[in-house]
Amino acid sequence: MTAQTENNNDDIYASILSIAKEGASKKEIAQALSMSYQQLRRLSAVLVDRGMLRIDLKKHVFVTTDKGYVFLQNRKAGDV
């Protein structure tokens with residue numbers, strides 16, 4: 001993976017995490033970012049595997065974790 005691709009993915013990851021701060025459904029995230037469900041499934045799986053996003057099974061939404069908030073803070077500070 002090239003540095004440019006990683007930066008683009010980080011931008012998308014940050015967008016997903018920002019939308020999911022208060023909890024967001026797959027549909028809400030996909031619509032907000034104009035992406036397909038397949039794209040969202042792939043990207044959200046990476047975030048879940050990295051511990052930055054979790055699934056609230058009771059509410060059927062994605063929620064940003066503490067680790068996800070750290071990622072967002074680091075990006076905001078320019079550390080990532």
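The values are calculated or read from the model by the stated rules, or taken from the named source; none is laboratory data. No experiment lies behind these values; they were computed from the predicted model shown. A quick note on method: Cβ atoms are made from the backbone with ideal geometry, for glycine too, and the neighbour counts reach across all protein chains shown. Just so you know, the surface numbers come from the protein's heavy atoms only, side chains and all, with ligands and any DNA or RNA stripped out. Shrake-Rupley method; radii C 1.70, N 1.55, O 1.52, S 1.80 Å.
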Review point. Does region 40-51 hold any residues that are over 14 Å from D11 (Cα atoms) and either of a type outside the set (D, E, K, R) or open to solvent by less than 30 Å² (accessible area, probe 1.4 Å) (or both), and which are they?
Key: A45, V48, G51
Review point. If you take the residues in region 36-56 that are in a loop (DSSP other than H, G, I, E, B) and in contact (Cβ under 8 Å) with a residue 12 or more places away in the chain, which one is nearest to the chain's Cα centre (by Cα)?
Key: M52
Exercise for review: Scan region 56-67 for residues that are surrounded by 13 or more Cβ atoms within 10 Å (Cβ to Cβ) and not hydroxyl-bearing (S, T, Y) and jot them down.
Suggested key: V61, F62, V63, K67
Practice item. Could you check, for region 68-76, whether at least one of its residues is open to solvent by less than 60 Å² (accessible area, probe 1.4 Å) and farther than 17 Å from S15 by Cβ? Key: no
Revision key, fill the gap. Going through (1) modelled with pLDDT of 95 or more; (2) open to solvent by 60 Å² or more (accessible area, probe 1.4 Å) one by one, E6 fails only at (1)
